[in-house]
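Input: a single structure, listed below in structure tokens.
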Amino acid sequence: MRTITILLALLIIVSSGCETHEPQQTTNVAPPTQVKSTVAQGETCVINLASRENTFDEKLPTIGVILFDDVLMTEVTAPIDVFSKPRENGIKLFNVVTVAETLQPVATESGLRMLPDYTFADCPKLTVLVVPSAYDMKEVVRNGEIVQFIRKQNTNSDFTMSNCAGSQLIGESGIANGHKIVTYIGGGKELQEKYPALSVQDDQKISFVQDGKFLSSNGNLASYISALELLEKMSDKEHRRFVESYLYLERLTRWDKSQTQPR
């Protein structure tokens, strides 16, 4: 009976994936190379990195989206939604990854939790860096790790794209000084005052702007505009049309409530 009790206890321990408990003393046994464990505030998450490595193709351009606490969900999911679609014949065109300070889950403003693929320390070279926003950007802009990561990746990226108040991180990093940029509707005046070296555009009239390698949008659902515009530049019009049809964008833009009412 004692042997059965011990075996059951071991099975419970092994089968638990991500749980909250008091930190325990570690042993000298090295963990498997494909598993990375991170600890924050008493919570331990065991994350299997093998799937990440199996799906990443070094020959393809890589789209990287930054994650941080209370990030606006749509500004993360829109570029992922657009760039993760393969061609109509099934050929994959891009690696699409998320990046954060640690591998701990990141909660969006809606409460959705996302697991980053990479940290700032081990992130691969990005072809496109996507900078989203939060409703309150004060702490985000003060985060030197995020700002430094943007500067570092921008030196190698072909494109750097901000959505909504992600423009403040672009301004804080100084990477787009002298370039045109747009922010969320009603935020242009504040952005121009804080970062006078930026050429802030009229957000009441402009939803998307590109100036050289820098792209920006009003954010929220307008994040699809910036993603689709860049997708076309990196592929072709035919693939953009396919992705738009896949997303049913025409149904959204031409939706007539009268057509959905029972007769």
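What's the percent breakdown of Cα-Cα distances in region 56-115 across 10 Å bins, shortest bin first?
Reading the bins upward from 0: 22, 47, 25, 6.
Quick one: which residues, 5+ away or cross-chain, put their amide H under 5 Å from the amide H of residue 131? H built at 1.01 Å from N.
Here the answer is 161, 162, 163, since their amide H atoms fall under 5 Å of that of residue 131.
Which aspartates and glutamates have a Cα lying under 17 Å from the Cα of residue 194, excluding residues fewer than 8 positions away in the same chain?
136, 139, 172, 202, 203
Per residue of region 205-220, what does 6.51 cos²θ - 1.76 cosθ + 1.60 with θ = phi - 60° give for ³J(HN,Hα)? Whole Hz please, x for Gly and Pro, Karplus curve as stated.
After applying 6.51 cos²θ - 1.76 cosθ + 1.60, I find 10, 10, 9, 8, 9, 10, 9, x, 7, 9, 10, 8, 9, 5, x, 6 Hz.
Please give the peptides 165-174, 111-120 ranked by average Cβ packing (other Cβ atoms within 10 Å per residue), highest first, as a rough proxy for protection.
So the order, starting with the most tightly packed, is 165-174, 111-120.
Starting from the exponent 0.38 and prefactor 2.2 Å, build the expected Rg for region 61-240 from its residue count and divide its actual Cα Rg by it.
It is 0.95.
Taking the DSSP beta bridges in region 61-240 as the whole, what percent of them are antiparallel, to the nearest 5?
Once the DSSP bridges in region 61-240 are tallied, antiparallel ones form about 25 percent.
With 29 Å as the limit, write out which pairs from 59/205; 92/189; 59/213; 138/180; 152/237; 152/205 have Cα-Cα distances beyond it, or answer none.
Those over the limit are 59/205; 92/189; 152/237; 152/205.
Sorted from fewest to most neighbouring beta carbons within 10 Å, what does the list 123, 164 look like?
123, 164
Throughout, read-outs are computed from the coordinates displayed, never taken from laboratory work. Note that the structure is predicted; figures quoted are calculated from it, not measured. Note: ideal-geometry Cβ built from the backbone for every residue, glycine included; neighbour counts use all protein chains shown.
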